[in-house]
Amino acid sequence: MRLAINIPQIDTFSDDELYMFCRANPELRIERNEKGQIVIMPPTGIETSFRNSDLVTEINIWNRKTRLGKVSDFNGGYTLPDSSMRAPDVAWISNERLATVPSSDLKKFAHVCPDFVIELMSESDELTDLKEKMNKWLLNGVRLGWLIDPKRKQTYIYRFAHDENDEVVSFSEILSGEEVLPGLEVRITDIF
(Lines give C-alpha, C1' and ligand atoms only; values in the text may rest on other atoms or scores of the structure.)
Protein backbone atom coordinates (compact mmCIF):
# COMPACT_ATOMS: atom_id res chain seq x y z
CA MET A 1 0.00 0.00 0.00
CA ARG A 2 1.30 3.40 -0.98
CA LEU A 3 0.30 6.55 0.83
CA ALA A 4 -0.01 9.84 -1.09
CA ILE A 5 0.05 12.89 1.13
CA ASN A 6 -0.52 16.57 0.48
CA ILE A 7 1.37 19.23 2.40
CA PRO A 8 -1.15 22.07 2.85
CA GLN A 9 1.27 24.93 3.65
CA ILE A 10 2.78 24.82 0.16
CA ASP A 11 1.46 23.82 -3.24
CA THR A 12 4.32 21.44 -4.00
CA PHE A 13 7.92 20.95 -3.01
CA SER A 14 10.50 22.45 -5.33
CA ASP A 15 13.09 19.93 -6.49
CA ASP A 16 15.54 21.19 -3.85
CA GLU A 17 12.89 21.10 -1.09
CA LEU A 18 11.97 17.54 -2.06
CA TYR A 19 15.61 16.51 -1.93
CA MET A 20 16.01 18.09 1.53
CA PHE A 21 12.77 16.42 2.72
CA CYS A 22 14.07 13.03 1.57
CA ARG A 23 17.45 13.62 3.21
CA ALA A 24 15.70 14.58 6.48
CA ASN A 25 13.67 11.34 6.36
CA PRO A 26 16.14 8.66 5.19
CA GLU A 27 14.10 5.85 6.70
CA LEU A 28 11.23 6.55 4.29
CA ARG A 29 10.93 5.52 0.64
CA ILE A 30 9.62 8.70 -0.94
CA GLU A 31 8.52 9.62 -4.43
CA ARG A 32 6.61 12.59 -5.86
CA ASN A 33 3.87 11.98 -8.41
CA GLU A 34 3.09 14.23 -11.35
CA LYS A 35 0.45 16.05 -9.27
CA GLY A 36 3.11 17.07 -6.74
CA GLN A 37 1.83 14.69 -4.08
CA ILE A 38 4.41 13.03 -1.88
CA VAL A 39 4.13 9.24 -2.03
CA ILE A 40 5.48 7.24 0.90
CA MET A 41 6.00 3.53 0.42
CA PRO A 42 6.54 1.00 3.19
CA PRO A 43 9.74 -1.01 3.34
CA THR A 44 9.57 -4.37 1.59
CA GLY A 45 9.91 -7.79 3.12
CA ILE A 46 13.34 -9.35 3.11
CA GLU A 47 12.37 -11.78 0.32
CA THR A 48 11.58 -8.85 -1.99
CA SER A 49 14.88 -7.24 -0.98
CA PHE A 50 16.76 -10.42 -1.91
CA ARG A 51 14.99 -10.54 -5.28
CA ASN A 52 15.67 -6.87 -5.97
CA SER A 53 19.35 -7.36 -5.17
CA ASP A 54 19.49 -10.29 -7.61
CA LEU A 55 17.90 -8.16 -10.34
CA VAL A 56 20.35 -5.30 -9.78
CA THR A 57 23.19 -7.83 -9.96
CA GLU A 58 21.95 -9.26 -13.28
CA ILE A 59 21.77 -5.84 -14.91
CA ASN A 60 25.14 -4.84 -13.41
CA ILE A 61 26.87 -7.97 -14.74
CA TRP A 62 25.57 -7.23 -18.24
CA ASN A 63 26.53 -3.55 -17.92
CA ARG A 64 30.06 -4.29 -16.72
CA LYS A 65 30.60 -6.37 -19.85
CA THR A 66 29.14 -3.81 -22.25
CA ARG A 67 29.93 -0.51 -20.47
CA LEU A 68 26.99 1.07 -22.29
CA GLY A 69 25.61 3.00 -19.32
CA LYS A 70 25.02 3.04 -15.57
CA VAL A 71 22.75 1.03 -13.24
CA SER A 72 20.89 2.38 -10.22
CA ASP A 73 18.83 0.71 -7.51
CA PHE A 74 15.73 1.85 -5.61
CA ASN A 75 17.71 4.60 -3.85
CA GLY A 76 18.30 6.50 -7.10
CA GLY A 77 15.66 9.14 -7.78
CA TYR A 78 14.94 10.54 -11.23
CA THR A 79 13.14 13.85 -11.80
CA LEU A 80 11.03 13.23 -14.89
CA PRO A 81 9.63 15.57 -17.55
CA ASP A 82 6.15 15.49 -15.93
CA SER A 83 7.81 16.86 -12.71
CA SER A 84 7.40 13.59 -10.81
CA MET A 85 10.37 12.11 -8.97
CA ARG A 86 10.44 8.35 -9.19
CA ALA A 87 12.87 5.76 -7.87
CA PRO A 88 12.48 2.43 -9.71
CA ASP A 89 13.67 -0.81 -8.15
CA VAL A 90 16.27 -1.10 -10.92
CA ALA A 91 17.13 1.41 -13.63
CA TRP A 92 19.65 1.60 -16.44
CA ILE A 93 20.59 4.80 -18.23
CA SER A 94 22.62 4.87 -21.42
CA ASN A 95 25.87 6.78 -21.68
CA GLU A 96 24.20 8.99 -24.31
CA ARG A 97 21.43 10.11 -21.95
CA LEU A 98 23.82 10.39 -19.04
CA ALA A 99 26.05 12.72 -21.06
CA THR A 100 23.19 15.26 -21.18
CA VAL A 101 23.07 15.54 -17.37
CA PRO A 102 25.30 18.12 -15.65
CA SER A 103 27.53 16.43 -13.06
CA SER A 104 26.07 18.67 -10.33
CA ASP A 105 22.60 17.25 -11.13
CA LEU A 106 23.83 13.72 -10.43
CA LYS A 107 24.29 14.63 -6.74
CA LYS A 108 20.51 14.95 -6.35
CA PHE A 109 17.50 13.58 -8.25
CA ALA A 110 18.82 13.98 -11.78
CA HIS A 111 16.57 15.56 -14.39
CA VAL A 112 16.65 12.65 -16.79
CA CYS A 113 14.62 9.56 -17.54
CA PRO A 114 16.32 6.17 -17.52
CA ASP A 115 16.19 4.08 -20.69
CA PHE A 116 15.18 0.91 -18.83
CA VAL A 117 13.39 0.25 -15.54
CA ILE A 118 12.34 -2.74 -13.49
CA GLU A 119 9.54 -2.51 -10.97
CA LEU A 120 9.38 -5.55 -8.70
CA MET A 121 5.98 -6.09 -7.13
CA SER A 122 6.26 -6.43 -3.36
CA GLU A 123 3.81 -7.74 -0.76
CA SER A 124 2.33 -4.26 -0.25
CA ASP A 125 1.95 -3.31 -3.94
CA GLU A 126 -1.21 -3.38 -6.02
CA LEU A 127 -0.81 -4.59 -9.60
CA THR A 128 -3.08 -1.87 -11.02
CA ASP A 129 -0.97 0.84 -9.32
CA LEU A 130 2.25 -0.58 -10.71
CA LYS A 131 0.81 -0.94 -14.22
CA GLU A 132 -0.18 2.73 -14.08
CA LYS A 133 3.31 3.61 -12.87
CA MET A 134 4.87 1.66 -15.76
CA ASN A 135 2.74 3.57 -18.27
CA LYS A 136 3.91 6.83 -16.69
CA TRP A 137 7.52 5.69 -17.04
CA LEU A 138 6.88 5.20 -20.77
CA LEU A 139 5.21 8.60 -21.12
CA ASN A 140 8.33 10.18 -19.60
CA GLY A 141 10.76 8.44 -21.95
CA VAL A 142 11.58 4.95 -20.69
CA ARG A 143 12.26 2.77 -23.73
CA LEU A 144 11.82 -0.64 -22.08
CA GLY A 145 10.37 -1.70 -18.75
CA TRP A 146 9.72 -4.91 -16.88
CA LEU A 147 7.06 -5.19 -14.19
CA ILE A 148 7.83 -8.39 -12.31
CA ASP A 149 5.01 -10.07 -10.39
CA PRO A 150 6.34 -12.88 -8.16
CA LYS A 151 2.87 -13.85 -6.95
CA ARG A 152 1.62 -14.68 -10.46
CA LYS A 153 5.11 -15.64 -11.70
CA GLN A 154 4.73 -13.26 -14.64
CA THR A 155 6.60 -10.35 -16.12
CA TYR A 156 4.80 -7.56 -17.95
CA ILE A 157 6.96 -6.04 -20.69
CA TYR A 158 6.46 -2.38 -21.57
CA ARG A 159 7.94 -0.80 -24.69
CA PHE A 160 8.10 2.86 -25.69
CA ALA A 161 6.16 3.86 -28.81
CA HIS A 162 4.22 0.61 -29.08
CA ASP A 163 0.50 0.89 -29.58
CA GLU A 164 -0.20 -2.60 -28.32
CA ASN A 165 -0.73 -3.43 -24.67
CA ASP A 166 2.03 -4.75 -22.49
CA GLU A 167 3.25 -8.27 -23.21
CA VAL A 168 3.00 -10.86 -20.43
CA VAL A 169 5.55 -13.68 -20.15
CA SER A 170 6.04 -16.42 -17.58
CA PHE A 171 9.09 -16.59 -15.34
CA SER A 172 10.40 -19.59 -17.32
CA GLU A 173 10.64 -17.55 -20.55
CA ILE A 174 13.75 -15.57 -21.45
CA LEU A 175 13.46 -11.80 -21.15
CA SER A 176 15.45 -9.84 -23.68
CA GLY A 177 17.00 -6.42 -23.33
CA GLU A 178 16.06 -6.00 -26.99
CA GLU A 179 17.73 -3.03 -28.72
CA VAL A 180 17.79 -1.06 -25.46
CA LEU A 181 20.14 -3.43 -23.59
CA PRO A 182 21.63 -5.45 -26.47
CA GLY A 183 22.66 -8.97 -25.57
CA LEU A 184 20.93 -9.00 -22.17
CA GLU A 185 18.96 -12.18 -21.55
CA VAL A 186 17.37 -13.00 -18.21
CA ARG A 187 15.21 -15.92 -17.14
CA ILE A 188 13.58 -14.98 -13.84
CA THR A 189 13.38 -18.64 -12.69
CA ASP A 190 17.20 -18.73 -12.87
CA ILE A 191 17.59 -15.94 -10.32
CA PHE A 192 14.55 -16.20 -8.02
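The values are calculated or read from the model by the stated rules, or taken from the named source; none is laboratory data. This structure is a prediction, so every number in the text was calculated from the model and none was measured. Positions of Cβ are generated from backbone atoms using ideal geometry, with glycine treated the same way; all protein chains shown enter the neighbour counts. What goes into the accessible areas is simple: the full protein's heavy atoms, side chains included, and nothing from ligands, DNA or RNA. Shrake-Rupley method; radii C 1.70, N 1.55, O 1.52, S 1.80 Å.
Only one of (1) at pLDDT 95 or above; (2) outside any strand (DSSP E or B); (3) in contact with a Ser or Thr (Cβ under 7 Å, 6 or more places away or on another chain); (4) under 22 Å from Phe74 (Cβ atoms) fails for Ser122. Which number is that?
Looking at each condition in turn, Ser122 falls short on (1).
Which members of region 176-191 meet the condition of being in a loop (DSSP other than H, G, I, E, B) and surrounded by 15 or more Cβ atoms within 10 Å (Cβ to Cβ)? Spell out the reasoning first.
Taking region 176-191 and keeping what is in a loop (DSSP other than H, G, I, E, B), we get 177-184.
Listed by number, the residues that qualify are Gly177, Val180, Leu181, Leu184.
Please specify each residue of region 132-175 satisfying the condition of being open to solvent by 50 Å² or more (accessible area, probe 1.4 Å) and of a type in the set (Gly, Ala, Ser).
Ala161, Ser172
What pairs come out if I take residues in region 1-24 that are at pLDDT 65 or above and pair them with residues that are surrounded by 11 or more Cβ atoms within 10 Å (Cβ to Cβ) and polar (S, T, N, Q) whose C-beta lies under 7 Å away, six or more apart or interchain?
Asp15/Thr79
Can you say whether Ser72 is open to solvent by less than 60 Å² (accessible area, probe 1.4 Å) and at positive phi, as far as the supplied structure shows?
no
If I ask for residues that are of a type outside the set (Asp, Glu) and buried (at least 19 other Cβ atoms within 10 Å of the Cβ), which ones from region 88-111 would you list?
Listed by number, the residues that qualify are Pro88, Val90, Ala91, Trp92, Ile93, Phe109, Ala110.
With the checklist (1) part of a loop (DSSP other than H, G, I, E, B); (2) open to solvent by less than 20 Å² (accessible area, probe 1.4 Å); (3) touching a Pro at 6+ places or on another chain (Cβ under 7 Å); (4) not basic (Lys, Arg) in hand, flag the one item Val117 doesn't pass.
Only one criterion is unmet by Val117, namely (1).
Restricting to region 139-165, count the residues that are farther than 26 Å from Glu96 by Cα and in a loop (DSSP other than H, G, I, E, B).
Number satisfying all stated conditions: 6.
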